[in-house]
Amino acid sequence: MKSPVRKMFDEIANRYDFLNHALSGCQDILWRRSCCRELRKMTPGKRLLDLCGGTGDFAVTYEKFNGKPEVAVLGDFSYGMLKGAKGKKMTAVPVQLDAMKMPFADATFDVVLNGFGMRNLPDTDAGLRESARVLRDGGYLQVLEFFSPRNAFNKFFYKRLAPLFIPVLGAFFSKRDAYEYLVNSIIRFLPVKDFVALAEQNNFELVHVKPCFFGVAYRVLLRKAPQGNSAEGSA
Ligand SMILES: C[S@@+](CC[C@H](N)C(=O)[O-])C[C@H]1O[C@@H](n2cnc3c(N)ncnc32)[C@H](O)[C@@H]1O
């Protein structure tokens, strides 16, 4: 049976890109670019998974900054969102999959991107573990996400301002429920510090955390530690 989250993304897919850019004042485009530029410095390798990739904007941007990958997958459980990638210039092949249980062997990828997907997974801990499994040792997980607000500006933005205008714009251009869910899912999600701690328990090492637009979003770059060298395992 379709999960409610999957059903919701299927329903909003045709207006997803437009509203993403409109609600963020096109900042989302700049944030994805920064993520991909950072990865270029790491020379991470040639096998890419854009996980929870939706309509493929992250995979498209990655290719612009890092060249054509040898293997590239756009993975998402919403068929509607994957359909939205049609016609975009990218090597990535769309694959309908569940990020919690992927149809790939261990260490298949050099880079996993996750743009605004982590917050939607039913279990962040298990989601991180599954991402670590499909990455090779030393491979990178680049997460771009809205985390639970902690500073005064973000608390005001997400708890007071955002509930006033995001669902209204959502109702006008798409579905109100989905954009109410967006705001609530951000408030309910982990703060970035706790997310990093959870990643470290799942065999990742932190490369850096960078705030985007005063911490409205964060870029969290993680590297998969060699087996047995996780934060927990090392003395
Ligand atoms: C907010 S969208 C982000 C899309 C894209 N990465 C971007 O940067 O705009 C979140 C995506 O995660 C997908 N998603 C949520 N839970 C998932 C899961 N368990 N497995 C696969 N995809 C999932 C949704 O279908 C949706 O396309």
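Each reported figure results from applying straightforward, stated rules to the coordinates on display, with no laboratory input. Worth saying up front: this structure is predicted, and the values here are computed from it rather than measured. All Cβ positions, even for glycine, are placed from backbone atoms using ideal geometry, and neighbour counts span all protein chains on display.
In the chain, the calculated helix contribution to ellipticity at 222 nm averages -13500 deg cm²/dmol per residue, counting -39,500 (n - 2.57) for every DSSP H run with n ≥ 4.
Peptide packing: for 53-65, 215-227, 4-16, the average count of neighbouring Cβ atoms within 10 Å per residue gives the ranking 53-65, 215-227, 4-16, highest mean first. If only the Cβ of Lys and Arg carry +1 and only the Cβ of Asp and Glu carry -1, the dipole of the range 1-61 around its Cα centre is close to 300 debye. Taken about its Cα centre, the chain carries a charge dipole of about 620 debye when Lys and Arg each add +1 at the Cβ and Asp and Glu each add -1 at the Cβ. Take every pair of alpha-carbon atoms less than 8 Å apart whose residues are at least six positions apart; their mean separation over the length of the range 74-212 yields a relative contact order of 20 percent. Our compactness index for the chain, the C-alpha radius of gyration over the empirical 2.2 N^0.38 Å, is 0.96.
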